[in-house]
Structures are given as structure tokens and as C-alpha cells.
Amino acid sequence: MAETISNISLSGVTKRYGDVTALDGVSLVLEGNEYVSLLGPSGSGKTSLLRAIAGFEAPDAGKVTVFGRDVTHLAPHKRGIGFVFQNFALFPHLSVYDNVAFGLANADSPPPADEIRRRVTDMVRLVGLTGLEERGVGQISGGQRQRVALARTLVTEPRLILLDEPLGALDANLRMRMRDELRHIRERLGVTFLHVTGSETEALAMGDRVVVLDRGRVAQFAAPDVILNSPANPNVARFLNRYNVLSGALRGEAFASAYGDLPYGKRVESGDAAYGIRYDRIAVVEETAPASGVGIPVTFVTSEYLGSAVMYFFEAADGHILEVEHHLGKGRMPEFRPRGKYRLQWKPEDAIVFG
Amino acid sequence: MAEQIETAETTRNRTAYWLIAPGAVWMALFLAVPILMIVYVSFWTQTTFKIEPILTIASWKQFFSSETYIGSLFTTVRLWLIVLAATFVLGYPTALFVGLFVKSKTLSTVLLVICVIPFWTSFLIRVLAWRPMLGKEGAINILLQKAGLISAPIEALLFSELSVVIGMTQIYVVFMVGPIAFMLSRIDRNIIEAARDLGASFWRIFFKIILPLSLPGVIVGAIFVSVMVLGEFATTAALSGRKVNLLGNIIVTQVGSLKWALASVVGVILTIIMGLVIAGFLRVVDLKKEL
């Protein structure tokens, strides 16, 4: 892992809480000026990693360098890293303006008053809060509070901003708008954002690159399309919520599963054996239809309408639920008989085998 | 539909009035009426052995022309300010520790209960227990002499204004600790981390974030302590050797010699002082907004 003055590097960062290993030798290199999302299920160590980078907790082992400077044992505010808290953590007794100005006004050697005023006013304009400066932070909406939290950090000019589930406290509508907004603000400032989220959709949509964390280790670090098309292991495939993951064992040219030997197209080296097929690469045919490609018999359970697509849920002979996604752009919504017998079919080249 | 809702609401309101009724009746009978009575009696005519409802300002004149009474008015205010300051200086750090620095909720509850343990014995015992502590041959003097820090016992420890201040501070400090610790425990820890991340030093964070956010607790604590100290008479009686006379002590003495009119005058003055003090504190912080 190369540490340079233009990147943020973590090498072998380890953190234990008693018997629990929250971070298990995490190594990562983030470039300057990129948007990285950090995806993982709860308990995967996302927040611990963020807190270790920010300096709220010292790692038990490993090294953190920020733009060529070893900050492993430095206090949080000396690292040049900004932190946006999940619940925003605004100062409830201060106005929007005073919240944004806090970092500048209370620095060890604060800049002159007119410079503070200029920088705060500029930042308030950048995040679109002009006119609300004198409001209390209890008198503004959730989205506006999110902007205050961002502006408060950005005004101190950090080059790396850590965002801990920044959209988690917003309602769905606002979340979509703020996604755009966050990307825009970052692009205008040319800083690095590390955005922690538990939502795979958010991670894939926001990040120039995505880190997938699994049980305190980096499972995969790649561009969103790479992660989606070739997940590094069965767990990553599961988090993505786009794959049916079947268990079994790899035997040469086929994968031995509970539904017989399944042929596959691509193999990914991994410790755990599994067979993955994307929800949207499966065709549903009558049980009696002529077989083609790979297929397993199933019973229809239920469907869920998502607007642009429909999710169908089928039960295999052993009770395992398989999901099929039908994009409505591909044609009208097919109807299936309740508890009807069908066969799920796909091309072997669409399937990934781990093992 | 609208009518139904209105009916339901009216019923709820009527129930609410019934809930407040016993309290309201109690307060009217035993607080509002007696206060008006005290004001009335303060204008009655007092002779040596009897009191008559003939209106006069003689008792008021007597109070304001007596150096002793005016003196005790100032003593009351002075002692109140000293005890208030002492409970704040002693109580705030304690509350800071219990409410903010102790991370475990269980431990902080245990610590608060420990603060309240002295209340398991009676007020008088707690006050009188200071005598063997502070006396000429008391525990503190013996310890200091044994340690070789002093050659002769410090007599000013007991039966002085100092002993009254010590006694009152010990008894009332917990009323300062409680509300402050409560407000501190409600501060979101992330706010403090955010301030730290933005580069503010410990003292900056304390003065700009922690102190302002705990101010409502300080005000509530100050109101508790003020109301109790201003009405005090027992601690002074037990620990001052009759050298310190508060307005409360004068009321006790006057009532003891059946001088109801003068006692009422002092009562009215004390009530006015307390009213002003509480109103003053409430102007500092909008408690409605904070709690």
C-alpha cells in the first residue's frame, strides 16, 4: 500500500472491544478528490472504521496516514479530517450561522473576524442556506439541518470528510435529493468523501468506488459496476441484494447444489462455496415447458410491485426462497397462479460460482 | 364528525379539570389564603398581650427603624449569596462528573443515589452532627492538631457564620447537583465530539457548549437552594450559637412571643424577596423551552 501526499492510506488497522474484533487488519487507499462509499451490514465495523480514521478511537494496531502525514496517534482536530454525524450533532443552542462559524471562531488561532464572516457566508451560500443564518437549528427542516452539518465541517477546509450514514435521518424523498446535492458539493470543492451507509442502493449510486466491509475486513474495494457484476465472495453478493445465493459445493465443471448439478459461466476464487444468479437474469416458465439452460422447479409464493419493476418470490423444494426481478420496461407484468408450479431458468454464463 | 371530536375533547378537558381540582383546592386553602392573611395581619395593631384587627403600619415602621431587623435582612441576603455560590462551586464539578464524564448510566444513577443518602437521616441530625465535627474539641480540630498543622484549636469553626455556611452548603448542595447532572446527562455526546473535531479546546467546549446547555439545570438548582436558604432558621439556630440571625429566626422568635403582627411583616418581606429571586432566575433562562 503506497502512502503518498495525495492520498489517505490505512494499513492493517485493527480494533478490538473485549473479545469482539471490530476491525481486523483493514488496509485501504483513498485518492484525493473522490467519492468513496463504505457499505456493510450492521456490525461489520463501518462505524468503528470511521471513528478510527477520525481519531475518536485509537486503533489497537495499524497506521493511518492522511496526505502523507501519519495521524495514527493525533487528536481528531489535528488530522484535517471533517466528520458529519448520523444525527447531525448540531449545537442546539446556536443559530445556523454560529453553528457553521463554530470551528473557525473556536480554533486555537482563529482567523480575523471579517475572514470568518466571509468564509461562513460563502459556505452558507454553497450549501443553499442563505437567508436562514439567524434561525435556530431547531427551526429548520431535516434537509436543512443536514446542510448545516455539512457546512459546519466544510468551512474548516478539511480535505477528507467522513459521513456517517448522512442520509439515514432523512425521509425517502429528501434522501434522493440530498444524494445529488452531496455529489455536487463534493465535486465543487474537490475533496474526498468517505460515505458510510447500510444501503446497497445508496452505496452503488453515490460512490465513484465502493468499499464493502464484512466482519471487520475489506471484502471488496472497486467501482460500483465491478462490485455488482463480480462480487468478491458470497457475502458481498448477499449484501448487494441483487443475487440469489445458493449453497452447495464446487465439483469441477458444475456446482453441486440441493437442486442437482448447476453449470456456471464465471468462477470467483473465494473461501466459501456458493452459486449466485442475479434476480434480473432469471426467466420463469411453466413446469411443463421444454427445458433450456439451467433450471430448478419452484412454487410461486408472492410478488411485490416496485414501480419500475416487480419482484417475484418463489419457493424451491427445500424451502429456500428465490427472487426474480422483472423490469416493467421489458413488457407488462406477468401473472402467476398462487402456489402454482413453475421452473426458474437462466443461462449458465449469467451465473457466478464462488469457491 | 366535527361535533363528535369536540365532544370527546370537552370530556377530556373536564376530566383534566377534575385531576387538577384537589391540588387547586389545597393550594387555595393552605397557600393563597394564608399568604393574604399574613399580609392582612401585618397591618394589625399589636399590644403586649393581644392583637386587634385595627389597621396600622406600626409593625412595618418598627421593622424598618430597627437596626437589628435591617441587619438581619442583610445577613439573610449575604448568607444566601455565599451559600448559593458555595453550592454552585462545589456542585457543578460533581454534577459534571456524574452527569457527563461517567459513561455508564448505571454508575451515574448509583452516584446520584449516594448523593441522596444523607437524606435518610433527619434534617436536625444532619445539622447537629456538625457540632462534634466543628467544635473546639471536635474532629476537625483534633485531626489538624494531630497532624501538627495548628498548635491551638480554631475556635471560629463552630458557632460562627462560617459554621452556618458549612452546614447549609452540605445540606443543600445536592439540590444543585441533581438538576445540573440531569441536564448534563441529556447532552448528546456526539455534540461534544463534533466540537472537538472542529478544533475547539476543552475549555472552549466547556464554555461554549457544555455550560450553556446545562444552564437550565443551574437555574433550577439555584431556585431550589435559594428558596430553602432564604427560609432557613434551624441551621442558624443549631450552629451559630445565636450569633447569626436570619429573617427566619426573627419570625420564630416573634411567633414564640406571640408578636404576630411583626412576624407577619417579616414573613411578607421574605416572601417578596423570594418572589424577586425566582423571577430574576426565570428571566435568565426560558425553562418552558428547555425542559
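Which of the residues belonging to the range B:89-147 are over 27 Å from the mean Cα position of the chain (by Cα), in a helix (DSSP H, G or I) and not hydrophobic (A, V, I, L, M, F, W, C)?
Across the range B:89-147, the qualifying residues are B:LYS105, B:THR106, B:ASN141, B:GLN145, B:LYS146.
Could you please let me know if A:HIS73 is within 14 Å of chain B (Cβ to nearest Cβ), closer than 28 Å to A:VAL36 by Cβ and within 30 Å of the chain's Cα centre (by Cα)? Please lay out each step first, then the result.
Values: within 14 Å of chain B (Cβ to nearest Cβ): no; closer than 28 Å to A:VAL36 by Cβ: yes; within 30 Å of the chain's Cα centre (by Cα): yes.
So A:HIS73 fails the test.
Which of the residues spanning the range B:227-243 are within 24 Å of B:ILE278 (Cβ to Cβ) and more than 14 Å from the chain's Cα centre (by Cα)? Walk me through how you get there before you give the answer.
Pass one, the range B:227-243, residues within 24 Å of B:ILE278 (Cβ to Cβ): B:227-236.
Within the range B:227-243, just B:THR236 meets the criteria.
What about B:LEU100, is it touching a helix residue (DSSP H, G or I) at 6+ places or on another chain (Cβ under 9 Å) and open to solvent by 80 Å² or more (accessible area, probe 1.4 Å)?
When the stated conditions are applied, B:LEU100 does not pass them.
Please verify whether A:LEU39 is within 14 Å of another protein chain (Cβ to nearest Cβ) and either among the charged types (D, E, K, R) or under 18 Å from the mean Cα position of the chain (by Cα) (or both), treating the condition exactly as stated.
no
Which of the numbered conditions does A:ILE185 fail, given that it passes all the others? Conditions: (1) open to solvent by less than 10 Å² (accessible area, probe 1.4 Å); (2) within 15 Å of the chain's Cα centre (by Cα); (3) under 26 Å from A:PHE67 (Cβ atoms).
(2)
Quickly run through the range B:156-184 and pick out the residues that are of a type in the set (Val, Ile, Thr) and under 12 Å from the mean Cα position of the chain (by Cα).
Across the range B:156-184, the qualifying residues are B:THR169, B:ILE171, B:VAL173, B:VAL174.
Of the residues B:ARG204, B:ARG186, which single one is surrounded by fewer than 18 Cβ atoms within 10 Å (Cβ to Cβ) and modelled with pLDDT under 95?
B:ARG186
Mind listing whichever residues of the range A:134-147 are at pLDDT 90 or above, within 32 Å of the chain's Cα centre (by Cα) and part of a loop (DSSP other than H, G, I, E, B)?
Residue satisfying the conditions is A:ILE140 alone.
Restricting to the range A:327-355, what's the tally of residues that are outside any loop (DSSP other than H, G, I, E, B), over 23 Å from A:ASN233 (Cβ atoms) and in contact (Cβ under 8 Å) with a residue 40 or more places away in the chain?
The total comes to 6.
Which of the residues spanning the range A:122-154 are surrounded by 23 or more Cβ atoms within 10 Å (Cβ to Cβ) and charged (D, E, K, R)?
A:ARG147, A:ARG152
From the list B:LEU112, B:LEU124, pick out the single residue that is surrounded by fewer than 16 Cβ atoms within 10 Å (Cβ to Cβ) and touching a residue at least 60 places away in the same chain (Cβ under 8 Å).
B:LEU124
Scan the range A:302-325 for residues that are over 16 Å from A:TYR243 (Cβ atoms) and surrounded by 15 or more Cβ atoms within 10 Å (Cβ to Cβ) and report the count. Steps first, please.
Within the range A:302-325, the first condition is being over 16 Å from A:TYR243 (Cβ atoms), and the residues that meet it are A:302-308, A:310, A:315, A:317-319.
Going one step further and asking which of them are surrounded by 15 or more Cβ atoms within 10 Å (Cβ to Cβ), we end up with A:303, A:310, A:315.
Number satisfying all stated conditions: 3.
Among the numbered criteria (1) open to solvent by less than 10 Å² (accessible area, probe 1.4 Å); (2) within 14 Å of chain B (Cβ to nearest Cβ); (3) in a loop (DSSP other than H, G, I, E, B), which one does A:GLU57 miss?
(1)
Conditions (1) modelled with pLDDT under 90; (2) open to solvent by 40 Å² or more (accessible area, probe 1.4 Å); (3) farther than 26 Å from A:GLY62 by Cβ; (4) touching a strand residue (DSSP E or B) at 6+ places or on another chain (Cβ under 7 Å), marked per residue:
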residue: A:GLY198; (1), (2), (3), (4): yes, yes, no, no
residue: A:ASP208; (1), (2), (3), (4): no, yes, no, yes
residue: A:ILE227; (1), (2), (3), (4): no, no, no, yes
residue: A:VAL236; (1), (2), (3), (4): no, no, no, yes
residue: A:ARG251; (1), (2), (3), (4): yes, yes, yes, no
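Return yes or no: is B:MET168 away from chain A (no Cβ under 12 Å), touching an Asp or Glu at 6+ places or on another chain (Cβ under 8 Å) and in a helix (DSSP H, G or I)?
When the stated conditions are applied, B:MET168 passes them.
So, in the range A:93-105, how many residues would count as being surrounded by fewer than 19 Cβ atoms within 10 Å (Cβ to Cβ) and within 7 Å of chain B (Cβ to nearest Cβ)?
Matching residues across the range A:93-105 total 1.
So if I check each of A:ALA89, A:ALA75, A:ALA58, A:ALA22, which one is of a type in the set (A, V, I, L, M, F, W, C) and modelled with pLDDT of 90 or more?
Selected residue: A:ALA89, the only one of A:ALA89, A:ALA75, A:ALA58, A:ALA22 that is of a type in the set (A, V, I, L, M, F, W, C) and modelled with pLDDT of 90 or more.
I want to confirm something. Restricting to the range A:69-92 and keeping residues that are open to solvent by 10 Å² or more (accessible area, probe 1.4 Å) and part of a helix (DSSP H, G or I), which single residue is nearest to A:GLY143 (Cα to Cα)?
A:HIS77
Check A:TYR17 against each of (1) open to solvent by less than 10 Å² (accessible area, probe 1.4 Å); (2) hydroxyl-bearing (Ser, Thr, Tyr); (3) within 14 Å of another protein chain (Cβ to nearest Cβ) and name the one condition it does not meet.
(1)
Among B:LEU96, B:LEU73, B:LEU79, B:LEU112, which is the only one that is more than 30 Å from B:ILE251 (Cβ to Cβ), modelled with pLDDT of 90 or more and aliphatic (A, V, I, L, M)? First the steps, then the outcome.
Working: B:LEU73 fails: more than 30 Å from B:ILE251 (Cβ to Cβ); B:LEU79 fails: more than 30 Å from B:ILE251 (Cβ to Cβ); B:LEU112 fails: modelled with pLDDT of 90 or more.
Result: B:LEU96 is the single residue among B:LEU96, B:LEU73, B:LEU79, B:LEU112 that is more than 30 Å from B:ILE251 (Cβ to Cβ), modelled with pLDDT of 90 or more and aliphatic (A, V, I, L, M).
Can you find a residue that is touching a Ser or Thr at 6+ places or on another chain (Cβ under 7 Å), open to solvent by 10 Å² or more (accessible area, probe 1.4 Å) and part of a loop (DSSP other than H, G, I, E, B) anywhere in the range B:225-243?
The answer is yes, given that some residue of the range B:225-243 is touching a Ser or Thr at 6+ places or on another chain (Cβ under 7 Å), open to solvent by 10 Å² or more (accessible area, probe 1.4 Å) and part of a loop (DSSP other than H, G, I, E, B).
Consider A:ILE282 carefully, then state whether it is open to solvent by less than 40 Å² (accessible area, probe 1.4 Å) and either of a type in the set (A, V, I, L, M, F, W, C) or at pLDDT 90 or above (or both).
It is true that A:ILE282 is open to solvent by less than 40 Å² (accessible area, probe 1.4 Å) and either of a type in the set (A, V, I, L, M, F, W, C) or at pLDDT 90 or above (or both).
The values are calculated or read from the model by the stated rules, or taken from the named source; none is laboratory data. Just so you know, these numbers come straight off a predicted model, no measurement behind them. Please note: Cβ atoms are built from the backbone with ideal geometry, for glycine as well, and neighbour counts cover all protein chains shown. We work out accessible area using only protein heavy atoms, side chains counted, and drop any ligands, DNA or RNA first. Shrake-Rupley method; radii C 1.70, N 1.55, O 1.52, S 1.80 Å.
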